[in-house]
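**Q** For reference, the structure I am asking about is given below.
The values are calculated or read from the model by the stated rules, or taken from the named source; none is laboratory data. Since the structure is predicted, the reported quantities are computational estimates derived from the model, not experimental observations. A quick note on method: Cβ atoms are made from the backbone with ideal geometry, for glycine too, and the neighbour counts reach across all protein chains shown. Calculation scope for accessible area: heavy atoms of the full protein, side chains included, ligands and nucleic acids excluded. Shrake-Rupley method; radii C 1.70, N 1.55, O 1.52, S 1.80 Å.
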Amino acid sequence: MVVLAGFSVVVSQTKPAPRRPAPVRNRAIANIVREIDARNIEATIRKLVSFGTRNTLSEQNDPKRGIGAARDWLYAEFLKAAAASNGRMTVEKQSYEQAKAARVPQPTIVTNVVATLKGSQPEATDRIYVVSGHYDSMCNTPVDAKCDAPGANDDASGTAAVLEMARVMAKYEFDATIVFMAVAGEEQSLLGSTHFAEQAKEKNWNIDAMFTNDIVGNTLGGNGVRDRGTVRVFSEGVPSNETPAEATTRRSVGGENDSASRQLARFIKETSEAFVPQMKVMMVYRRDRYGRGGDHIPFLEHGYPAVRFTEVNEEFRHQHQNVRVENGVQFGDLPEFVDFAYVANVARVNAASLAALAWAPSRPKGVTILSQRLSNDTELKWDANKEPELAGYEIVWRDTTAAVWTNSKAVGNVTSFTMKGMSKDNYFFGVRAIDKDGNRSPVSYPKPLVRSQPAATPSSM
Ligand SMILES: [Zn+2]
(Lines give C-alpha, C1' and ligand atoms only; values in the text may rest on other atoms or scores of the structure.)
Protein backbone atom coordinates (compact mmCIF):
# COMPACT_ATOMS: atom_id res chain seq x y z
CA MET A 1 0.00 0.00 0.00
CA VAL A 2 1.34 3.38 -1.02
CA VAL A 3 0.09 6.51 0.69
CA LEU A 4 -0.26 9.59 -1.51
CA ALA A 5 -1.14 13.03 -0.18
CA GLY A 6 -4.23 12.49 1.94
CA PHE A 7 -5.28 9.50 -0.12
CA SER A 8 -4.33 5.88 -0.19
CA VAL A 9 -4.05 3.70 -3.23
CA VAL A 10 -3.73 -0.04 -3.19
CA VAL A 11 -1.02 -0.82 -5.68
CA SER A 12 -0.78 -4.39 -6.79
CA GLN A 13 -0.93 -6.43 -9.95
CA THR A 14 -4.64 -7.00 -9.38
CA LYS A 15 -7.43 -4.67 -10.35
CA PRO A 16 -7.80 -1.58 -8.13
CA ALA A 17 -11.14 -1.25 -6.39
CA PRO A 18 -13.48 0.95 -8.47
CA ARG A 19 -13.61 4.46 -7.07
CA ARG A 20 -15.91 6.45 -9.34
CA PRO A 21 -16.64 10.01 -8.30
CA ALA A 22 -20.06 10.88 -6.98
CA PRO A 23 -22.02 12.66 -9.74
CA VAL A 24 -22.07 16.42 -9.44
CA ARG A 25 -25.58 17.73 -8.87
CA ASN A 26 -25.94 20.88 -10.86
CA ARG A 27 -29.39 22.38 -10.27
CA ALA A 28 -29.48 24.26 -13.58
CA ILE A 29 -28.81 21.07 -15.54
CA ALA A 30 -31.58 19.31 -13.63
CA ASN A 31 -33.92 22.19 -14.56
CA ILE A 32 -33.01 21.97 -18.26
CA VAL A 33 -33.73 18.24 -18.21
CA ARG A 34 -37.11 18.88 -16.57
CA GLU A 35 -38.13 21.64 -19.01
CA ILE A 36 -37.77 19.49 -22.13
CA ASP A 37 -41.29 18.68 -23.20
CA ALA A 38 -42.38 15.70 -25.34
CA ARG A 39 -45.46 17.67 -26.50
CA ASN A 40 -43.30 20.26 -28.27
CA ILE A 41 -41.31 17.47 -29.87
CA GLU A 42 -44.49 15.79 -31.12
CA ALA A 43 -45.79 19.08 -32.54
CA THR A 44 -42.50 19.69 -34.39
CA ILE A 45 -42.42 16.20 -35.88
CA ARG A 46 -46.04 16.45 -37.07
CA LYS A 47 -45.40 19.89 -38.55
CA LEU A 48 -42.29 18.69 -40.43
CA VAL A 49 -44.23 15.69 -41.77
CA SER A 50 -46.99 18.06 -42.97
CA PHE A 51 -44.66 19.48 -45.65
CA GLY A 52 -45.19 16.23 -47.61
CA THR A 53 -41.57 15.78 -48.55
CA ARG A 54 -38.36 17.40 -47.34
CA ASN A 55 -36.19 15.84 -50.00
CA THR A 56 -33.21 18.14 -50.65
CA LEU A 57 -34.14 18.21 -54.36
CA SER A 58 -37.78 19.13 -53.67
CA GLU A 59 -39.49 22.51 -54.08
CA GLN A 60 -37.61 25.39 -52.41
CA ASN A 61 -40.17 28.18 -52.94
CA ASP A 62 -43.53 26.57 -52.27
CA PRO A 63 -44.85 27.78 -48.89
CA LYS A 64 -46.69 24.49 -48.23
CA ARG A 65 -44.81 21.53 -49.72
CA GLY A 66 -41.12 20.67 -49.93
CA ILE A 67 -37.85 21.39 -48.22
CA GLY A 68 -38.11 25.17 -48.63
CA ALA A 69 -41.27 25.32 -46.53
CA ALA A 70 -39.61 23.17 -43.85
CA ARG A 71 -36.49 25.37 -43.91
CA ASP A 72 -38.49 28.58 -43.46
CA TRP A 73 -40.63 27.12 -40.70
CA LEU A 74 -37.55 25.90 -38.79
CA TYR A 75 -35.86 29.28 -39.21
CA ALA A 76 -38.92 31.01 -37.72
CA GLU A 77 -39.07 28.53 -34.81
CA PHE A 78 -35.37 28.98 -33.94
CA LEU A 79 -35.95 32.75 -34.05
CA LYS A 80 -38.79 32.32 -31.52
CA ALA A 81 -36.43 30.33 -29.29
CA ALA A 82 -33.80 33.06 -29.62
CA ALA A 83 -36.25 35.67 -28.31
CA ALA A 84 -35.71 34.27 -24.80
CA SER A 85 -31.92 34.60 -24.99
CA ASN A 86 -31.46 38.33 -24.42
CA GLY A 87 -29.67 38.67 -27.73
CA ARG A 88 -27.20 35.87 -27.05
CA MET A 89 -28.74 33.52 -29.64
CA THR A 90 -28.55 34.40 -33.32
CA VAL A 91 -30.13 32.42 -36.15
CA GLU A 92 -28.99 32.17 -39.75
CA LYS A 93 -29.60 30.22 -42.91
CA GLN A 94 -26.27 28.92 -44.10
CA SER A 95 -26.64 28.23 -47.83
CA TYR A 96 -24.38 27.15 -50.64
CA GLU A 97 -24.86 25.84 -54.15
CA GLN A 98 -24.08 22.14 -54.40
CA ALA A 99 -22.71 21.23 -57.82
CA LYS A 100 -24.01 18.19 -59.71
CA ALA A 101 -23.03 15.00 -57.87
CA ALA A 102 -24.00 11.34 -57.59
CA ARG A 103 -27.28 12.06 -55.77
CA VAL A 104 -27.68 15.63 -57.05
CA PRO A 105 -28.77 15.58 -60.72
CA GLN A 106 -28.60 19.38 -61.08
CA PRO A 107 -26.95 22.19 -59.09
CA THR A 108 -29.01 22.65 -55.92
CA ILE A 109 -29.04 25.11 -53.01
CA VAL A 110 -28.44 23.33 -49.70
CA THR A 111 -29.39 25.27 -46.56
CA ASN A 112 -28.53 24.58 -42.93
CA VAL A 113 -30.56 26.41 -40.28
CA VAL A 114 -28.06 27.38 -37.59
CA ALA A 115 -28.84 28.88 -34.15
CA THR A 116 -25.79 29.99 -32.18
CA LEU A 117 -26.04 30.58 -28.42
CA LYS A 118 -22.98 32.61 -27.59
CA GLY A 119 -21.03 31.69 -24.46
CA SER A 120 -20.74 34.38 -21.79
CA GLN A 121 -17.30 33.68 -20.37
CA PRO A 122 -14.53 35.50 -22.28
CA GLU A 123 -12.12 32.60 -21.71
CA ALA A 124 -14.61 30.04 -23.03
CA THR A 125 -16.80 31.79 -25.61
CA ASP A 126 -14.67 30.61 -28.55
CA ARG A 127 -15.12 26.97 -27.45
CA ILE A 128 -18.03 25.57 -29.46
CA TYR A 129 -20.36 22.59 -29.00
CA VAL A 130 -22.52 21.62 -31.99
CA VAL A 131 -25.71 19.54 -31.87
CA SER A 132 -27.52 18.60 -35.06
CA GLY A 133 -30.36 16.72 -36.70
CA HIS A 134 -31.07 16.58 -40.45
CA TYR A 135 -34.36 17.98 -41.66
CA ASP A 136 -34.21 16.54 -45.17
CA SER A 137 -35.95 13.22 -45.89
CA MET A 138 -36.25 10.62 -48.63
CA CYS A 139 -38.53 7.79 -49.83
CA ASN A 140 -37.20 4.73 -51.70
CA THR A 141 -34.62 6.74 -53.60
CA PRO A 142 -32.81 9.95 -52.63
CA VAL A 143 -33.33 11.45 -56.10
CA ASP A 144 -37.14 11.24 -56.04
CA ALA A 145 -38.18 14.80 -55.17
CA LYS A 146 -41.92 14.22 -55.74
CA CYS A 147 -42.87 11.20 -53.62
CA ASP A 148 -44.23 11.63 -50.10
CA ALA A 149 -41.28 11.34 -47.71
CA PRO A 150 -42.64 12.00 -44.20
CA GLY A 151 -39.30 11.29 -42.50
CA ALA A 152 -40.91 11.36 -39.06
CA ASN A 153 -38.13 9.34 -37.47
CA ASP A 154 -35.41 9.94 -40.09
CA ASP A 155 -34.88 12.62 -39.14
CA ALA A 156 -37.69 14.84 -37.93
CA SER A 157 -37.04 13.15 -34.56
CA GLY A 158 -33.46 14.44 -34.34
CA THR A 159 -34.46 17.85 -35.71
CA ALA A 160 -37.28 18.17 -33.17
CA ALA A 161 -34.93 17.18 -30.35
CA VAL A 162 -32.48 19.92 -31.40
CA LEU A 163 -35.22 22.57 -31.70
CA GLU A 164 -36.56 21.67 -28.24
CA MET A 165 -33.04 21.93 -26.76
CA ALA A 166 -32.67 25.37 -28.35
CA ARG A 167 -36.00 26.50 -26.87
CA VAL A 168 -35.10 25.36 -23.37
CA MET A 169 -31.41 26.25 -23.32
CA ALA A 170 -31.66 29.73 -24.92
CA LYS A 171 -32.81 31.05 -21.52
CA TYR A 172 -29.63 29.87 -19.79
CA GLU A 173 -26.21 31.50 -19.87
CA PHE A 174 -23.36 29.14 -20.59
CA ASP A 175 -19.63 29.75 -20.45
CA ALA A 176 -18.97 28.18 -23.86
CA THR A 177 -20.93 28.53 -27.11
CA ILE A 178 -23.57 26.02 -28.26
CA VAL A 179 -24.69 25.69 -31.89
CA PHE A 180 -28.11 24.12 -32.52
CA MET A 181 -28.37 23.08 -36.12
CA ALA A 182 -30.81 21.52 -38.60
CA VAL A 183 -28.90 20.43 -41.68
CA ALA A 184 -30.03 19.46 -45.19
CA GLY A 185 -28.55 17.16 -47.82
CA GLU A 186 -27.84 14.31 -45.40
CA GLU A 187 -29.53 11.77 -47.68
CA GLN A 188 -27.60 13.23 -50.64
CA SER A 189 -24.42 12.13 -48.77
CA LEU A 190 -23.91 14.41 -45.76
CA LEU A 191 -23.81 17.61 -47.83
CA GLY A 192 -24.99 20.15 -45.24
CA SER A 193 -22.85 18.85 -42.40
CA THR A 194 -19.82 18.60 -44.70
CA HIS A 195 -20.28 22.23 -45.71
CA PHE A 196 -20.53 23.32 -42.06
CA ALA A 197 -17.45 21.31 -41.02
CA GLU A 198 -15.43 22.71 -43.95
CA GLN A 199 -16.44 26.27 -43.06
CA ALA A 200 -15.52 25.65 -39.42
CA LYS A 201 -12.10 24.33 -40.39
CA GLU A 202 -11.50 27.22 -42.77
CA LYS A 203 -12.41 29.76 -40.05
CA ASN A 204 -10.36 27.84 -37.50
CA TRP A 205 -13.32 27.37 -35.16
CA ASN A 206 -12.59 25.63 -31.89
CA ILE A 207 -15.31 22.93 -32.02
CA ASP A 208 -14.74 20.86 -28.91
CA ALA A 209 -17.54 18.37 -29.53
CA MET A 210 -20.27 17.59 -32.03
CA PHE A 211 -23.40 15.45 -31.49
CA THR A 212 -25.64 14.26 -34.29
CA ASN A 213 -29.12 12.93 -33.53
CA ASP A 214 -30.39 10.78 -36.37
CA ILE A 215 -33.20 8.20 -36.07
CA VAL A 216 -33.90 8.74 -32.38
CA GLY A 217 -37.64 8.01 -32.14
CA ASN A 218 -38.49 4.38 -32.83
CA THR A 219 -38.77 2.11 -29.80
CA LEU A 220 -40.19 -1.04 -31.40
CA GLY A 221 -37.53 -2.63 -33.58
CA GLY A 222 -37.95 -4.80 -36.65
CA ASN A 223 -36.63 -7.56 -34.38
CA GLY A 224 -39.76 -7.23 -32.24
CA VAL A 225 -37.85 -5.76 -29.28
CA ARG A 226 -39.39 -2.79 -27.48
CA ASP A 227 -36.81 -0.62 -25.68
CA ARG A 228 -37.89 2.78 -24.43
CA GLY A 229 -35.03 3.28 -22.00
CA THR A 230 -31.78 3.01 -23.99
CA VAL A 231 -30.03 5.14 -26.58
CA ARG A 232 -26.94 4.19 -28.57
CA VAL A 233 -23.98 6.54 -28.66
CA PHE A 234 -21.53 5.67 -31.43
CA SER A 235 -17.93 6.83 -31.08
CA GLU A 236 -14.89 5.98 -33.15
CA GLY A 237 -11.74 4.57 -31.55
CA VAL A 238 -9.03 5.37 -34.06
CA PRO A 239 -9.55 8.96 -35.27
CA SER A 240 -10.76 9.34 -38.87
CA ASN A 241 -8.09 12.01 -39.40
CA GLU A 242 -5.19 10.12 -37.77
CA THR A 243 -1.85 10.91 -39.39
CA PRO A 244 0.78 8.23 -40.17
CA ALA A 245 2.98 9.62 -37.36
CA GLU A 246 0.09 9.39 -34.88
CA ALA A 247 -0.59 5.83 -36.03
CA THR A 248 3.04 4.90 -35.33
CA THR A 249 2.76 6.34 -31.81
CA ARG A 250 -0.53 4.56 -31.19
CA ARG A 251 0.89 1.21 -32.25
CA SER A 252 3.71 1.75 -29.78
CA VAL A 253 1.82 2.97 -26.71
CA GLY A 254 -1.84 2.09 -27.34
CA GLY A 255 -4.75 4.50 -27.49
CA GLU A 256 -7.02 2.87 -30.08
CA ASN A 257 -9.74 3.00 -27.43
CA ASP A 258 -8.99 6.56 -26.29
CA SER A 259 -9.78 9.04 -29.07
CA ALA A 260 -11.29 12.36 -28.05
CA SER A 261 -14.61 11.10 -29.45
CA ARG A 262 -14.53 8.07 -27.19
CA GLN A 263 -13.77 10.28 -24.16
CA LEU A 264 -16.81 12.30 -25.23
CA ALA A 265 -18.98 9.15 -25.28
CA ARG A 266 -17.77 8.28 -21.76
CA PHE A 267 -18.52 11.84 -20.63
CA ILE A 268 -22.07 11.58 -22.04
CA LYS A 269 -22.61 8.25 -20.29
CA GLU A 270 -21.42 9.60 -16.94
CA THR A 271 -23.44 12.81 -17.26
CA SER A 272 -26.57 11.01 -18.36
CA GLU A 273 -26.39 8.59 -15.44
CA ALA A 274 -26.33 11.59 -13.09
CA PHE A 275 -29.11 13.66 -14.67
CA VAL A 276 -31.29 11.36 -16.80
CA PRO A 277 -31.43 8.15 -14.75
CA GLN A 278 -34.42 6.84 -16.71
CA MET A 279 -32.16 6.47 -19.77
CA LYS A 280 -29.30 4.07 -20.30
CA VAL A 281 -26.52 5.17 -22.61
CA MET A 282 -25.34 2.18 -24.63
CA MET A 283 -21.90 3.10 -25.86
CA VAL A 284 -21.06 1.45 -29.16
CA TYR A 285 -17.36 1.41 -29.83
CA ARG A 286 -17.50 2.09 -33.56
CA ARG A 287 -17.88 5.22 -35.67
CA ASP A 288 -21.44 4.44 -36.78
CA ARG A 289 -23.67 1.47 -37.46
CA TYR A 290 -22.07 -1.30 -39.53
CA GLY A 291 -20.88 0.20 -42.82
CA ARG A 292 -23.26 3.18 -42.50
CA GLY A 293 -22.74 6.88 -41.88
CA GLY A 294 -24.10 10.15 -40.54
CA ASP A 295 -23.51 13.86 -40.07
CA HIS A 296 -20.82 13.43 -37.40
CA ILE A 297 -18.43 11.90 -39.94
CA PRO A 298 -17.44 15.13 -41.76
CA PHE A 299 -16.65 16.61 -38.34
CA LEU A 300 -14.47 13.60 -37.44
CA GLU A 301 -12.68 13.87 -40.76
CA HIS A 302 -11.88 17.50 -39.98
CA GLY A 303 -10.46 16.58 -36.58
CA TYR A 304 -13.44 17.49 -34.38
CA PRO A 305 -14.56 15.01 -31.68
CA ALA A 306 -18.07 13.79 -32.55
CA VAL A 307 -20.62 11.10 -31.71
CA ARG A 308 -23.90 9.82 -33.12
CA PHE A 309 -27.13 9.18 -31.16
CA THR A 310 -29.54 6.55 -32.51
CA GLU A 311 -32.29 4.33 -31.09
CA VAL A 312 -31.26 0.75 -30.21
CA ASN A 313 -33.53 -1.34 -32.45
CA GLU A 314 -34.23 0.08 -35.89
CA GLU A 315 -37.31 -0.72 -37.98
CA PHE A 316 -36.31 -0.70 -41.64
CA ARG A 317 -39.90 -0.91 -42.91
CA HIS A 318 -40.18 2.69 -41.67
CA GLN A 319 -36.95 4.09 -43.11
CA HIS A 320 -36.35 5.26 -46.69
CA GLN A 321 -39.62 3.68 -47.87
CA ASN A 322 -42.44 4.88 -50.08
CA VAL A 323 -45.56 5.13 -47.95
CA ARG A 324 -47.65 2.08 -48.84
CA VAL A 325 -49.38 -1.01 -47.49
CA GLU A 326 -48.09 -4.37 -48.70
CA ASN A 327 -49.69 -7.63 -47.55
CA GLY A 328 -51.26 -5.75 -44.67
CA VAL A 329 -47.92 -4.22 -43.58
CA GLN A 330 -47.62 -0.45 -43.39
CA PHE A 331 -44.39 0.85 -44.88
CA GLY A 332 -43.14 4.44 -44.57
CA ASP A 333 -41.62 6.77 -41.98
CA LEU A 334 -44.88 7.94 -40.39
CA PRO A 335 -45.40 9.82 -37.10
CA GLU A 336 -47.57 7.00 -35.72
CA PHE A 337 -44.38 4.96 -35.34
CA VAL A 338 -42.50 7.61 -33.35
CA ASP A 339 -42.38 7.41 -29.55
CA PHE A 340 -42.40 11.11 -28.65
CA ALA A 341 -41.66 10.56 -24.95
CA TYR A 342 -38.57 8.60 -25.95
CA VAL A 343 -37.37 11.37 -28.29
CA ALA A 344 -37.75 13.76 -25.33
CA ASN A 345 -35.55 11.49 -23.21
CA VAL A 346 -32.89 11.39 -25.93
CA ALA A 347 -33.07 15.20 -26.03
CA ARG A 348 -32.55 15.22 -22.24
CA VAL A 349 -29.41 13.08 -22.53
CA ASN A 350 -28.10 15.48 -25.18
CA ALA A 351 -29.07 18.64 -23.29
CA ALA A 352 -27.61 17.50 -19.96
CA SER A 353 -24.34 16.60 -21.68
CA LEU A 354 -24.17 19.85 -23.68
CA ALA A 355 -24.91 21.93 -20.59
CA ALA A 356 -22.30 20.04 -18.59
CA LEU A 357 -19.75 20.61 -21.35
CA ALA A 358 -20.58 24.30 -21.79
CA TRP A 359 -20.37 25.01 -18.04
CA ALA A 360 -17.26 22.90 -17.44
CA PRO A 361 -13.70 24.04 -18.04
CA SER A 362 -12.09 23.00 -21.30
CA ARG A 363 -10.47 19.56 -21.34
CA PRO A 364 -6.80 19.99 -20.47
CA LYS A 365 -4.47 20.63 -23.40
CA GLY A 366 -0.92 19.45 -23.96
CA VAL A 367 -1.33 16.40 -21.72
CA THR A 368 1.74 14.18 -21.87
CA ILE A 369 3.27 11.19 -20.15
CA LEU A 370 7.04 11.40 -19.74
CA SER A 371 8.00 8.27 -21.54
CA GLN A 372 11.73 8.01 -21.90
CA ARG A 373 12.64 7.38 -18.29
CA LEU A 374 12.00 3.79 -17.30
CA SER A 375 10.18 3.88 -14.02
CA ASN A 376 7.34 2.22 -12.16
CA ASP A 377 5.92 5.71 -11.53
CA THR A 378 3.81 7.56 -14.11
CA GLU A 379 4.68 11.24 -14.61
CA LEU A 380 1.94 13.36 -16.20
CA LYS A 381 2.20 16.99 -17.37
CA TRP A 382 -0.29 19.37 -18.95
CA ASP A 383 -0.87 23.04 -19.78
CA ALA A 384 -2.72 25.26 -17.32
CA ASN A 385 -6.37 25.95 -18.15
CA LYS A 386 -7.32 29.61 -18.52
CA GLU A 387 -10.84 29.68 -17.02
CA PRO A 388 -11.02 31.92 -13.92
CA GLU A 389 -13.21 29.53 -11.87
CA LEU A 390 -10.86 26.58 -12.31
CA ALA A 391 -10.41 24.58 -9.10
CA GLY A 392 -7.88 22.02 -10.31
CA TYR A 393 -7.45 18.68 -12.03
CA GLU A 394 -8.19 15.02 -11.60
CA ILE A 395 -6.12 12.10 -12.80
CA VAL A 396 -8.30 9.22 -13.95
CA TRP A 397 -7.20 5.70 -14.70
CA ARG A 398 -8.44 2.24 -15.56
CA ASP A 399 -7.18 -1.20 -16.37
CA THR A 400 -6.18 -1.48 -20.02
CA THR A 401 -9.11 -3.83 -20.62
CA ALA A 402 -11.76 -1.65 -18.92
CA ALA A 403 -14.40 0.10 -21.06
CA VAL A 404 -14.73 3.22 -18.89
CA TRP A 405 -12.61 5.18 -16.42
CA THR A 406 -12.90 3.41 -13.07
CA ASN A 407 -10.76 5.54 -10.73
CA SER A 408 -10.01 9.18 -10.15
CA LYS A 409 -7.86 11.28 -7.88
CA ALA A 410 -8.05 15.04 -7.30
CA VAL A 411 -4.51 16.46 -7.52
CA GLY A 412 -5.18 20.18 -6.97
CA ASN A 413 -4.40 23.16 -9.18
CA VAL A 414 -1.08 21.93 -10.56
CA THR A 415 0.22 21.18 -14.06
CA SER A 416 2.11 17.99 -13.36
CA PHE A 417 1.66 15.01 -11.12
CA THR A 418 3.37 11.68 -10.55
CA MET A 419 1.34 8.57 -9.84
CA LYS A 420 3.81 6.83 -7.59
CA GLY A 421 4.14 3.09 -7.90
CA MET A 422 1.64 2.91 -10.76
CA SER A 423 3.23 1.95 -14.04
CA LYS A 424 2.02 3.43 -17.34
CA ASP A 425 2.56 -0.07 -18.71
CA ASN A 426 -0.28 -1.43 -16.60
CA TYR A 427 -2.99 1.26 -16.71
CA PHE A 428 -4.42 3.87 -19.01
CA PHE A 429 -4.30 7.35 -17.51
CA GLY A 430 -6.10 10.58 -18.34
CA VAL A 431 -6.50 14.11 -16.97
CA ARG A 432 -9.60 16.26 -16.60
CA ALA A 433 -10.21 19.78 -15.33
CA ILE A 434 -12.68 20.63 -12.58
CA ASP A 435 -14.13 24.00 -11.59
CA LYS A 436 -15.21 25.43 -8.24
CA ASP A 437 -18.82 24.27 -8.76
CA GLY A 438 -17.64 20.71 -9.39
CA ASN A 439 -18.18 20.75 -13.17
CA ARG A 440 -15.74 18.35 -14.81
CA SER A 441 -14.38 18.46 -18.34
CA PRO A 442 -14.12 15.40 -20.54
CA VAL A 443 -10.89 13.46 -20.11
CA SER A 444 -7.77 14.22 -22.15
CA TYR A 445 -5.72 11.20 -23.06
CA PRO A 446 -1.98 11.88 -22.89
CA LYS A 447 0.55 11.64 -25.67
CA PRO A 448 4.00 10.28 -24.90
CA LEU A 449 6.64 12.95 -24.40
CA VAL A 450 9.99 11.60 -25.47
CA ARG A 451 12.93 13.35 -23.85
CA SER A 452 16.01 13.99 -25.92
CA GLN A 453 18.20 13.01 -22.93
CA PRO A 454 17.12 9.59 -21.66
CA ALA A 455 17.16 9.53 -17.89
CA ALA A 456 16.80 5.81 -17.42
CA THR A 457 18.99 4.28 -14.78
CA PRO A 458 20.51 0.85 -15.32
CA SER A 459 18.78 -0.52 -12.23
CA SER A 460 15.36 0.24 -13.69
CA MET A 461 15.91 -1.61 -16.97
ZN1 LIG B 1 -31.00 10.02 -41.23
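**Q** Mind running the shape call on the stretch 271-351? Use the C-alpha gyration tensor, a ≥ b ≥ c as the square roots of the eigenvalues: rounded below 1.5 for a/c, prolate if a/b tops b/c, oblate otherwise. Could the numbers behind the result be given before it?
**A** Numbers: a/c = 2.62, a/b = 1.41, b/c = 1.86.
Verdict is oblate for the stretch 271-351.
**Q** A further question on this structure: Pull out the extension gain between residue 322 and residue 146, defined as 0.36 nm times the separation in residues minus the alpha carbon to alpha carbon distance; nm, one decimal.
**A** Values: separation 176, 0.36 × 176 = 63.36 nm, distance 1.09 nm.
Separation in residues times 0.36 nm, less the Cα-Cα distance, equals 62.3 nm.
**Q** While we're here: Which shape class, rounded, prolate or oblate, goes with the chain when its Cα gyration tensor gives a ≥ b ≥ c as root eigenvalues, a/c under 1.5 marks rounded, and past that a/b bigger than b/c marks prolate? Mind showing how you got there, number by number?
**A** On the way: a/c = 1.97, a/b = 1.89, b/c = 1.04.
Prolate is the answer for the chain, as a/c is 1.5 or above and a/b outweighs b/c.
**Q** How far is it, in nm, from the label point at residue 202 to the one at residue 50 when both lie 7 Å from their Cα along the line to the Cβ?
**A** Between residue 202 and residue 50, the label points sit 3.6 nm apart.
**Q** Any lysines with Cα under 17 Å of the residue 420 Cα? List them, leaving off those in the same chain fewer than 8 positions away.
**A** 15, 381, 409
**Q** Can you give me the C-alpha center-to-center distance between the stretch 200-266 and the stretch 366-427, rounded to a whole angstrom?
**A** 23 Å
**Q** Helix 38-49 sits at what angle to the longest principal axis of the chain, using alpha carbons and giving 0 to 90 degrees rounded to 10?
**A** For helix 38-49, the angle is close to 50 degrees.
**Q** Could you pull out which residues in the stretch 347-371 have an amide N less than 13 Å from a spot 7 Å beyond the Cα of residue 383, following the Cα-Cβ vector?
**A** 362-368
**Q** Sticking with this one: What is the magnitude of the charge dipole of the stretch 291-339 about its Cα centre, with +1 placed on the Cβ of each Lys and Arg, -1 on the Cβ of each Asp and Glu, and no other charges, expressed in debye to the nearest 20?
**A** So the dipole magnitude of the stretch 291-339 works out to roughly 140 debye.
**Q** In units of 2.2 N^0.38 Å, what is the alpha-carbon radius of gyration of the stretch 323-378?
**A** Details: Rg = 24.5 Å, N = 56, 2.2 N^0.38 = 10.2 Å.
Rounded to two decimals, the normalised Rg is 2.41.
**Q** Provide the per residue accessible area, probe 1.4 Å, for the chain, rounded to a whole number of square angstrom. Don't jump to the answer; show the numbers that get you there.
**A** Values: 18960 Å² over 461 residues.
Accessible area per residue: 41 Å².
**Q** May I pose another question? Each residue of the stretch 117-134 in order: what ³J(HN,Hα) in whole Hz does its phi give by Karplus 6.51 cos²θ - 1.76 cosθ + 1.60, θ = phi - 60°, with x for Gly and Pro?
**A** Result, rounded to whole Hz: 9, 5, x, 9, 9, x, 6, 10, 5, 7, 8, 10, 10, 10, 10, 9, x, 10.
**Q** Between their Cα atoms, which of 203/424; 146/171; 64/203; 118/386; 93/146; 146/269 are more than 30 Å away from each other?
**A** On the way: 203/424 38 Å; 146/171 39 Å; 64/203 36 Å; 118/386 18 Å; 93/146 24 Å; 146/269 41 Å.
Exceeds cut-off: 203/424; 146/171; 64/203; 146/269.
**Q** Here's something else I'd like to know. Of 56, 124, 426, which is farthest along the charge dipole of the chain in the positive direction, counting Lys and Arg as +1 and Asp and Glu as -1 at C-beta?
**A** 426
**Q** Please label the shape of the stretch 137-215 as rounded, prolate or oblate, based on the square roots a ≥ b ≥ c of the eigenvalues of the alpha-carbon gyration tensor (a/c under 1.5 means rounded; beyond that, a/b larger than b/c means prolate, else oblate).
**A** Details: a/c = 3.43, a/b = 1.49, b/c = 2.30.
Cα axes put the stretch 137-215 in the oblate bin.
**Q** Using only DSSP helix segments of four residues or longer, with each worth -39500 (n - 2.57), what per-residue ellipticity at 222 nm results for the chain after dividing by its residue count and rounding to 500? Intermediate values should be presented prior to the final figure.
**A** On the way: 9 runs with 112 residues, N = 461.
One gets -7500 deg cm²/dmol as the mean residue ellipticity at 222 nm.
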